[in-house]
Ligand SMILES: Cc1cc2nc3c(=O)[nH]c(=O)nc-3n(C[C@H](O)[C@H](O)[C@H](O)COP(=O)(O)OP(=O)(O)OC[C@H]3O[C@@H](n4cnc5c(N)ncnc54)[C@H](O)[C@@H]3O)c2cc1C
């Protein structure tokens, strides 16, 4: 089976040569593997490499491109396009910093996409079939399917296993809007193939993927309209944080249609017409391209899961316990196909959990992992742990400390004042239970809080961590200072005052 990635240029040829080499010769299968992994995205690659590194005989089966969504049609290409868009955005506001760009900013969309393809091809070396063979993994390129207890078939070959891992990931949900399929639409699978910038782009869905790409395309020069069923963007995020990003979207000229129910899509002479009902009346918006970003569905079909007694749900994915074991004790799952948190780092760490549990009788639990995330809009929103609502649902009483970037010297110096650091602490326990950072570098900053939560470091101690001045991360230390000030009770204050009077 050969795989094409469009456009067929030297970068994409290099990508394919790395992650689905057309001339790949499948190895002779071992009599029995410790582990057969179906799916070669992040979850599958991490499982295979980790297990082989520990001496296991491992087979990895991938039907499309090794690296999965993240490398090929997810994190890597989206962050490349976002990087170019950020440059364009910076140039448009350059005069505020005393720098004058002669004339309007011109975007060479073809060059933006070519840079993306070049970077993706370069990074693909990490996930290449040859590299994994070098790590001792038997790589099979083809569709994997369970055929009975202890067997997986790929390209007519039978692989026998002691344990197997389902790491088949997820794909874009296609909403059943009348006329949408006929009119044609893009998903994350196809948007990175574009060679020409759409003059007018509709984005259906204001979740992370929709918002990141809507802002990027707006900055690259497209007129962007977002259709969203909710009443604000990024429903899953802290509402104050989402509002800051939403303000940025308005300021950049992104049109937002909230509580919009798409009635149908029609093809017209001058484009595709999206017809929606909103509380403010009917809307008809004509565009050149439509991007669908309304959630993910797990890849559970065609795997023969019924034949091996693996229970799954078409929407939620493969059912697993806290140790990532499926209803068949010989078979585990990792990554998007079974997790609510559909992130590359979650796929990675679920895979590490699986290696220990599947091969070494480990009892590692998924629920002990502290999984942060970041949405790479500008400003970014990064989050870890519980939100205020989730803490309330669990009956935790919390205190919340907020430091706006407008009060952080480095953010003021950089002209990046929109945003804040917000930390939730369990009342009376100095235990950080969650945090949201909205700001230009939120994704880089959240790891300090994640480390504190993972290592059980309280907010009071974060105040004693010396941060270089001036940095935006000082905001975290300053939140620690705020917390410590609250510990200065009236009684302690009275004692301090008495001591100072006495020693004067
Ligand atoms: C546009 C976009 C941007 C994203 N940005 C980020 C980000 O910035 N940060 C982040 O953390 N996450 C991001 N994600 C999410 C991230 O890409 C996924 O969480 C991650 O790829 C999940 O890894 P996985 O291994 O579980 O699944 P996948 O990457 O989907 O890999 C599954 C693999 O299994 C293969 N497969 C499926 N069925 C079979 C079969 N029967 N036989 C053989 N092979 C099979 C597929 O071809 C695929 O290669 C983004 C996603 C998208 C779509």
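Annotation note: Cβ proximity below 7 Å between a residue of region 150-163 that is over 10 Å from residue 33 (Cα atoms) and a residue that is more than 14 Å from the ligand (Cβ to nearest atom) and not in a strand (DSSP E or B) (sequence gap 6+ or interchain) occurs for 157/29. Among the residues making up region 121-171, those that are outside any loop (DSSP other than H, G, I, E, B), within 16 Å of the ligand (Cβ to nearest atom) and under 30 Å from residue 207 (Cα atoms) are 123, 124, 126, 127, 165, 166, 170, 171.
Of all residues in region 312-360, exactly one satisfies the criterion of being free of Cβ contacts under 8 Å to residues at least 12 places away in the same chain and either assigned to a helix (DSSP H, G or I) or crowded, with 24+ Cβ neighbours inside 10 Å (or both), namely 356. Candidates are the residues of region 179-193 that are surrounded by fewer than 20 Cβ atoms within 10 Å (Cβ to Cβ) and within 16 Å of the ligand (Cβ to nearest atom); the one that is farthest from residue 230 (Cα to Cα) is 193.
Taking region 250-306 and the strands (runs of 3 or more DSSP E) fully enclosed by it, the elements with 1 or more residues that are away from the ligand (no atom under 16 Å from the Cβ) are at 255-257, 261-268, 271-278, 281-287. The number of residues in region 172-181 being out of contact with any strand residue (DSSP E or B) (no Cβ under 7 Å at 6 or more places or on another chain) and in a helix (DSSP H, G or I) comes to 1. Restricting attention to region 384-403, the residues that are part of a loop (DSSP other than H, G, I, E, B), in contact with a strand residue (DSSP E or B) (Cβ under 8 Å, 6 or more places away or on another chain) and more than 17 Å from residue 446 (Cβ to Cβ) add up to 2. Residues that are touching a residue at least 24 places away in the same chain (Cβ under 8 Å), in a helix (DSSP H, G or I) and more than 16 Å from the ligand (Cβ to nearest atom): does region 361-383 have at least one? Checked against the condition, which is being touching a residue at least 24 places away in the same chain (Cβ under 8 Å), in a helix (DSSP H, G or I) and more than 16 Å from the ligand (Cβ to nearest atom), region 361-383 yields at least one hit. For region 183-196, filtering for residues that are farther than 26 Å from residue 374 by Cβ and either in a loop (DSSP other than H, G, I, E, B) or in contact with a helix residue (DSSP H, G or I) (Cβ under 8 Å, 6 or more places away or on another chain) (or both) leaves 4.
Every residue, every condition in (1) exposed (fewer than 15 other Cβ atoms within 10 Å of the Cβ); (2) modelled with pLDDT of 95 or more; (3) in contact with a helix residue (DSSP H, G or I) (Cβ under 9 Å, 6 or more places away or on another chain), yes or no:
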residue	(1), (2), (3)
207	no, yes, no
226	no, yes, yes
270	yes, yes, no
275	no, yes, no
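Okay, residues lined up against (1) over 23 Å from residue 179 (Cα atoms); (2) under 24 Å from the mean Cα position of the chain (by Cα):
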{"site": "221", "(1), (2)": "yes, no"}
{"site": "239", "(1), (2)": "yes, yes"}
{"site": "253", "(1), (2)": "yes, no"}
{"site": "264", "(1), (2)": "no, no"}
{"site": "268", "(1), (2)": "no, no"}
{"site": "285", "(1), (2)": "no, no"}
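Would you be able to say whether some residue in region 462-474 is touching a residue at least 24 places away in the same chain (Cβ under 8 Å) and in contact with a strand residue (DSSP E or B) (Cβ under 6 Å, 6 or more places away or on another chain)? No, the conditions are met nowhere in region 462-474.
The values are calculated or read from the model by the stated rules, or taken from the named source; none is laboratory data. These numbers were taken from a predicted model, which means no experiment stands behind them. All Cβ positions, glycine included, derive from the backbone under ideal geometry; neighbour counts span all protein chains shown.
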